[in-house]
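A short worksheet on the structure shown next.
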Amino acid sequence: QPVPRKLNLPIPGITATLLNHDHLEIKTVMGHKVVISLPWRVYIWGSVVANMKDDLKAFLVGVGPDAMGFVFPKYVYSIFPPEAKGPVEFEDRAHNDICDTLSARGIIGLAVYTWLILVFFLTGIKYYLKIAGNEKFIVLGLMCSVLGFLGQNLVSFGVTPLSSGFWILLG
């Protein structure tokens, strides 16, 4: 059984304790407590970064769609804490849309993805400033919806029900 250890967070009034390799306990001054499994996702993201640093071809064009599971085990052990016990899960997605895009499609794919989102928001702002009346609410609603999807996708990945809605809104 791993010993819990306190983490130094630069946020006043918040303390964090790493309970094990997969669970982080966060407490507030008011006594509210929540346990999250974010550390495991950080290890997944770290394995993507390790792969990108190690392999120039993967950095440029990625490892291919749904192929992260082939390279994940090689890199997760390089960043996984040595005191962690138990089996390491098999991961075929990065649980973060940015890391997932980088892993599957490389920096070129991530640049295209970022460009599409940037063009969407620039076009939305342009139309928002140009139109009048209730149409402004439609444009604002579309932009907020896409922003919500982007926020959610920072700790998830594009499964069909989520990503299809995102791409329809973006289109």
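The values are calculated or read from the model by the stated rules, or taken from the named source; none is laboratory data. Here the structure is a predicted model, which is why all the values come from computation and not from measurement. Cβ atoms come from the backbone with ideal geometry, glycine included; neighbour counts cover every protein chain shown.
Being within 17 Å of PHE90 (Cβ to Cβ), in contact with an Asp or Glu (Cβ under 9 Å, 6 or more places away or on another chain) and modelled with pLDDT under 85 is the filter here, so list the residues in segment 38-66 that pass it.
TRP40, TYR43, ILE44, SER47, ASP66, listed by residue number.
Within segment 103-126, is there a residue that is touching an Asp or Glu at 6+ places or on another chain (Cβ under 7 Å), in contact (Cβ under 8 Å) with a residue 12 or more places away in the chain and farther than 18 Å from VAL61 by Cα?
Just the residues of segment 103-126 that are touching an Asp or Glu at 6+ places or on another chain (Cβ under 7 Å), to begin with: none.
No, segment 103-126 has no match at all.
Quick one: in segment 67-118, of everything that is at pLDDT 90 or above and among the hydroxyl-bearing types (Ser, Thr, Tyr), which residue is surrounded by the fewest Cβ atoms within 10 Å (Cβ to Cβ)?
THR114
If a residue has to be assigned to a helix (DSSP H, G or I) and over 11 Å from ASP100 (Cβ atoms) to count, how many in segment 150-171 make the cut? Give the steps one after another, and end with the answer.
Applying the first criterion (assigned to a helix (DSSP H, G or I)) to segment 150-171 yields 150-152, 160-170.
When the remaining residues are screened for being over 11 Å from ASP100 (Cβ atoms), the result is 150-152, 160-162, 164-170.
Within segment 150-171, residues that are assigned to a helix (DSSP H, G or I) and over 11 Å from ASP100 (Cβ atoms) number 13.
Just for segment 2-17: of the residues that are in contact with a strand residue (DSSP E or B) (Cβ under 8 Å, 6 or more places away or on another chain) and at pLDDT below 70, which one is nearest to LYS27 (Cα to Cα)?
Quick first cut of segment 2-17, residues in contact with a strand residue (DSSP E or B) (Cβ under 8 Å, 6 or more places away or on another chain) only: 2, 4-7, 9, 13-17.
Right, trim to at pLDDT below 70 and you get 2, 9.
Values: PRO2: 20, LEU9: 11 Å.
So the residue we want is LEU9.
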